[in-house]
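Take a look at the structure set out below.
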Amino acid sequence: MTTKAIITGITGQDGYFLTRLLLEKGYEVHGVIRRNSSMSVGTLALLEPKLREQVHIHYGDLTDANFLDDLLGAEKPQELYQLAAQSFVGYSFQNPSSTYDVNIGGTLNVANAIKDYSRNTRLYFAATSELFGQPKETPQNENTPFYPRSPYAISKLAGFWTVKTYREAYKLFMTNGILFNHESEVRGPEFVTRKISLHVARHKHGDTSVLELGNLDARKDWGYAKEFVEGMWKMMQLDEPDDFVLGTGEVHTVREFVTEAFREIGKVVHWKGTGLDETGISESGEVLVRVSPKFYRPLESDNYRADSTKARLRTHWDPQVRFAQLVKTMVQSDLTKA
Ligand code: NAP
Ligand code: GDD
């Protein structure tokens, strides 16, 4: 029998890789897309036509409980990946209400639709390392206390607890993936890694503008998204639902990402000054990078390092892509597009 899965957030980064993975595995893939005036379909447009044509599209919004009730009642999929979210941490400080509406309300709607209309559907919920906010210990695993530091993180904490509570109260297969940062060549352009790789590619092609960034000292555990969706799928194949941390265990600063990205196009960056006065300068004295307060957040959440021992033991998830390779993949991909 063909396994049916619904992916919410199919037009985002993870939706792209998960769609590919599930189609490769022979799944019948359904995706939820919210309508927009230009009828653009995000990363779905990047799939080869023969793959895209296989995806069953359902137009709807996560904040619409009736839509989700009808969808679950009609499709009764074996698996549902709840990836849809307002996922940009910076934006959540400016727009906390809409972030809560989608990330809390939308996740509650999904959980209720499963409980009421499709109890055998297994749910994966996209929780996040942002739950740790200001980590109380390093590295972080499933037992590390949460300390959210943004409206986004608070909303994901509510989603996390909704999933856990429904799992225990109603005996449903609902799993939380506490995923650390994962990036790729289809990452949204406002996230710092893609902002850097796109800029470096344009620079190589002659753009002389200066790259403006916020906190260069932010330290993140960055992995490759393609490998992280494999981890999501593996969690869904276990006998029991649970909560799992996924991350590489390797940590780098934003500054290191910039240095590595420029190295990829043969430029050495020398860092001068501190704080808002810091600049990244080329060997010939050209200013490549400058700091702008515009990209600082009211609170920073960093110093992450994942301890994925539980997932590695239980699911045999074993990411191979390391930092330098990730940066290379992103810059090389953008060089072909810029
Ligand atoms: P993303 O690229 O920002 O994609 C988010 C998706 O959610 C998009 O498809 C978006 O649709 C959809 N969406 C937003 N609001 C919606 C609504 N009201 N109704 C229906 N769909 C809606 O995010 P991602 O990087 O793929 O991440 C996937 C999930 O994992 C997110 O929940 C994110 O918070 C979480 N997460 C990500 C990371 C990471 O490092 N990437 C780490 C931990 C957790 P549009 O195209 O219409 O905007
Ligand atoms: N976006 C952005 N732009 N971030 C910058 C900039 C800049 O110009 N300069 C420095 N940063 C720093 C941010 O302050 C943050 O510490 C870090 O770079 C990464 O920022 P983002 O790429 O925006 O990602 P994020 O870590 O805040 O959130 C992503 O990862 C989370 C997992 O920990 C998102 O994908 C979330 O949805 C996800 O939960």
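The values are calculated or read from the model by the stated rules, or taken from the named source; none is laboratory data. Just so it is clear, the model here is predicted, and its values are computed rather than measured. In this analysis, Cβ positions are derived from the backbone assuming ideal geometry, glycine residues included, and neighbour counts consider all displayed protein chains. The protein model used for the area step is the full one, side chains on, heavy atoms only, and it has no ligands, DNA or RNA in it. Shrake-Rupley method; radii C 1.70, N 1.55, O 1.52, S 1.80 Å.
Looking at G280, G285, G266 in this structure, which one is in contact with a helix residue (DSSP H, G or I) (Cβ under 7 Å, 6 or more places away or on another chain) and away from ligand 2 (no atom under 11 Å from the Cβ)? Explain how you work it out, then say what you get.
Numbers: G285 fails: in contact with a helix residue (DSSP H, G or I) (Cβ under 7 Å, 6 or more places away or on another chain); G266 fails: in contact with a helix residue (DSSP H, G or I) (Cβ under 7 Å, 6 or more places away or on another chain).
Within the list G280, G285, G266, the selection yields G280.
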Legend entry - Selected residue (only one of F146, F160, F125 is within 16 Å of ligand 2 (Cβ to nearest atom), in a helix (DSSP H, G or I), of a type in the set (F, W, Y) and farther than 20 Å from L216 by Cα): F160
Inset, instruction - Give the number of residues within the range 24-69 that are at pLDDT 95 or above and part of a loop (DSSP other than H, G, I, E, B). - result: 20
Inset, instruction - Can you give me the number of residues within the range 53-83 that are open to solvent by less than 20 Å² (accessible area, probe 1.4 Å), within 16 Å of ligand 2 (Cβ to nearest atom) and under 23 Å from S38 (Cβ atoms)? - result: 1
Inset, instruction - Scan the range 159-181 residue by residue and report those that are closer than 22 Å to D101 by Cβ and either touching a Pro at 6+ places or on another chain (Cβ under 7 Å) or among the polar types (S, T, N, Q) (or both). - result: T162, T165, M174, N176
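Among the residues in the range 224-241, are any away from ligand 1 (no atom under 15 Å from the Cβ), surrounded by 14 or more Cβ atoms within 10 Å (Cβ to Cβ) and of a type in the set (A, V, I, L, M)?
Of the range 224-241, the ones away from ligand 1 (no atom under 15 Å from the Cβ) are 234, 237-241.
Still in the running and surrounded by 14 or more Cβ atoms within 10 Å (Cβ to Cβ): 234, 238, 241.
If we keep only those that are of a type in the set (A, V, I, L, M) as well, we get 238.
Looking for residues that are away from ligand 1 (no atom under 15 Å from the Cβ), surrounded by 14 or more Cβ atoms within 10 Å (Cβ to Cβ) and of a type in the set (A, V, I, L, M), one finds at least one in the range 224-241, hence yes.
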Inset, instruction - Name every residue in the range 21-52 that is free of Cβ contacts under 8 Å to residues at least 60 places away in the same chain, within 13 Å of ligand 1 (Cβ to nearest atom) and open to solvent by 30 Å² or more (accessible area, probe 1.4 Å), in order of residue number. - result: R34, R35, N36, S37, S38, M39, S40, V41, G42, A45
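Given the criteria modelled with pLDDT of 95 or more, closer than 25 Å to G133 by Cβ, within 16 Å of ligand 1 (Cβ to nearest atom) and crowded, with 22+ Cβ neighbours inside 10 Å, does L179 qualify?
Details: modelled with pLDDT of 95 or more: yes; closer than 25 Å to G133 by Cβ: yes; within 16 Å of ligand 1 (Cβ to nearest atom): yes; crowded, with 22+ Cβ neighbours inside 10 Å: yes.
Yes.
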Legend entry - Every pair of residues 6+ apart whose Cβ atoms lie under 8 Å, when the first sits in the range 217-242 and is among the hydrophobic types (A, V, I, L, M, F, W, C) while the second is open to solvent by 60 Å² or more (accessible area, probe 1.4 Å) and modelled with pLDDT of 95 or more: W233/K25; M236/R122; L238/R314
